[in-house]
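The values are calculated or read from the model by the stated rules, or taken from the named source; none is laboratory data. All values reported here derive from a predicted model rather than from experimental measurement. Here the Cβ positions follow ideal geometry from the backbone for every residue, glycine too, while neighbour counts run over all protein chains shown. These area figures cover heavy atoms from the full protein model, side chains too; ligands, DNA and RNA do not enter into them. Shrake-Rupley method; radii C 1.70, N 1.55, O 1.52, S 1.80 Å.
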Amino acid sequence: MSDDVHEIYAIKYGHHDRKAAENYIGGDPHDVNDPLDFYVWAIVGPSGTVVVDTGFDAEMAKKRNRALLKPIAEGLKSIDIAPEKVANVIVSHLHYDHTGNYATFPNARYHLQDTEIAYATGRCMCHPLLRLPFEEEDVVAMVRKVFAGRVCFHEGTSQVAPGILVHKIGGHSKGLQCVSVKTKRGTVVLASDATHLYSHIDGGRVFPITYNVGEVLEGYQTIRKLAPSAKHIVPGHDPQVLQRYPAARPGLEGWVARLDVDPKA
Ligand SMILES: [Zn+2]
Ligand SMILES: [Zn+2]
């Protein structure tokens with residue numbers, strides 16, 4: 001393995017059943033189920049393991065009426081990742097489903113965009129609509145990590161490790177970042193909430209929780225430029241990810257998938 005080529009795993013931990021109309025600005029004419037899955041991702045390679053996002057825990061699942069299927073630590077352990085040994089965690093943005101479990105990685109440095117912490121601690125949080133996807137304790141936990149010297153801030157495009165870059169997208173949350181990862185099949189883009197579902201980027205549609213619609217749509221262009229093909233873009237909440245990609249190991253079907261190999265479709 002060359003020194004900047006990585007394996008990537010998608011680890012599902014939660015689920016939420018909902019109708020399609022809830023997933024798009026302007027709704028959807030079809031009265032069909034369009035559920036969201038919840039994931040964290042693990043990038044494994046010569047720089048060690050980099051975890052992307054930290055999910056939510058059982059308490060938050062109950063508060064937010066989401067299903068916690070398997071705690072993220074269990075998912076990581078299923079592919080032999082010990083959370084306490086993880087040195088770097090990228091947080092795509094500070095929404096409750098991406099930055100909980102903040103005691104699970106006691107030895108990690110957290111990588112975050114300047115804009116995201118400014119957004120989550122500034123005047124926009126005076127508005128109930130904008131603070132809805134944030135949890136006060138999650139944001140405070142990140143501020144504490146800042147004061148503990150455990151946060152590495154990025155602005156725009158920046159390298160976390162050789163072959164692993166973050167890219168500011170904004171849009172859905174003001175400081176949302178996606179992650180591009182060099183793999184043996186080319187650069188794979190972990191979009192996180194820069195596109196919740198394949199249908200968002202494919203159809204130019206927008207998820208209702210949005211700070212700036214223009215930035216969401218421009219973000220789709222940015223992601224397409226980063227990825228060599230549509231098959232190299234991994235949405236943040238799409239149940240199809242686990243159908244398109246093979247299980248990381250036998251027995252992990254429907255739970256952990258391998259993203260650095262070509263998808264089936
Ligand atoms: Zn989000
Ligand atoms: Zn999300």
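Residue pairs, Cβ under 9 Å, 6 or more apart or interchain, first in region 247-259 and surrounded by fewer than 19 Cβ atoms within 10 Å (Cβ to Cβ), second in a strand (DSSP E or B) and of a type in the set (S, T, Y). List them.
R258/Y9
How many residues are away from ligand 1 (no atom under 14 Å from the Cβ) and surrounded by 13 or more Cβ atoms within 10 Å (Cβ to Cβ) if we restrict to region 93-106?
The total comes to 4.
Please tell me if A227 is buried (at least 22 other Cβ atoms within 10 Å of the Cβ) and either within 18 Å of the chain's Cα centre (by Cα) or away from ligand 2 (no atom under 16 Å from the Cβ) (or both).
Taking the combined requirement at face value, the residue does not satisfy it.
Kindly establish whether L242 is assigned to a helix (DSSP H, G or I), without any contact (Cβ under 8 Å) to a residue 60 or more places away in the chain, open to solvent by 10 Å² or more (accessible area, probe 1.4 Å) and hydrophobic (A, V, I, L, M, F, W, C).
no
Could you pull out the residue among D53, D28, D37 that is among the acidic types (D, E) and open to solvent by 20 Å² or more (accessible area, probe 1.4 Å)?
D28
List the pairs whose first member sits in region 63-87 and is closer than 13 Å to N101 by Cα and without any contact (Cβ under 8 Å) to a residue 60 or more places away in the chain, whose second member is of a type outside the set (A, V, I, L, M) and buried (at least 16 other Cβ atoms within 10 Å of the Cβ), and whose Cβ atoms are under 6 Å apart, counting only residues at least 6 apart or on separate chains?
Correct list of pairs: L68/G14; A73/P83; A73/T104; P83/T104; P83/F105.
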